[in-house]
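The values are calculated or read from the model by the stated rules, or taken from the named source; none is laboratory data. This one's a predicted model, so the numbers in the text were calculated from it and none came from an experiment. So basically every Cβ, Gly included, is an ideal-geometry build from the backbone, and we count neighbours across all protein chains shown.
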Amino acid sequence: MMVPRSVCLAAFMALVLAVPASAAETMAKEEAAKADIRQNAKALLSETQTYSQSLSQHEGIIAPDGDYAAAIAALAEKAAKTSSALRNSHDADEDLACILNGIAQDLPRRYKAVAEAKTPEEQDAALREMSRLLDDSTVIVQ
């Protein structure tokens, strides 16, 4: 039994048209994830700067609250997942995937330095480093 040419053409066109929709969906998800990372980094940058300002008006170190720690961990996880998704994408920006992976690895280290600082000077330096990382995250993740 021979398949009519029109059926073959219709099947081929359906396949061809389905691929861009899938790619468009993937791209939309990646863009949403990057926007979320930028937004969360901006919010954390503001909070980090508030901690830094409070430190200058306070004697001793300031223990970051649990919400701050959770937000840092969530941002690191989002950056890692987005990096992985970009690496698995066929037309991904490899540089951005690498940058996001670096952000995901640096955030917990920077937080640890803030939380484990022994002196106000150490904590101030750690907060400045965290601020730089978060500021870079808002600029680079485009």
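Among residues of region 93-142 being free of Cβ contacts under 8 Å to residues at least 24 places away in the same chain and outside any helix (DSSP H, G or I), the one that is farthest from ASP36 (Cα to Cα) is GLU116.
Residues in region 56-68 that are assigned to a helix (DSSP H, G or I) and either of a type in the set (Ser, Thr, Tyr) or at pLDDT below 85 (or both): SER56, TYR68.
The set of residues from region 70-92 being in a helix (DSSP H, G or I), surrounded by fewer than 16 Cβ atoms within 10 Å (Cβ to Cβ) and either in contact (Cβ under 8 Å) with a residue 24 or more places away in the chain or of a type in the set (D, E, K, R) (or both) comprises ALA73, ALA74, GLU77, LYS81, ARG87.
Could you tell me which of the residues PRO120, PRO108 is at pLDDT 90 or above and within 14 Å of LEU134 (Cβ to Cβ)? None of the other options fit; the residue is PRO108.
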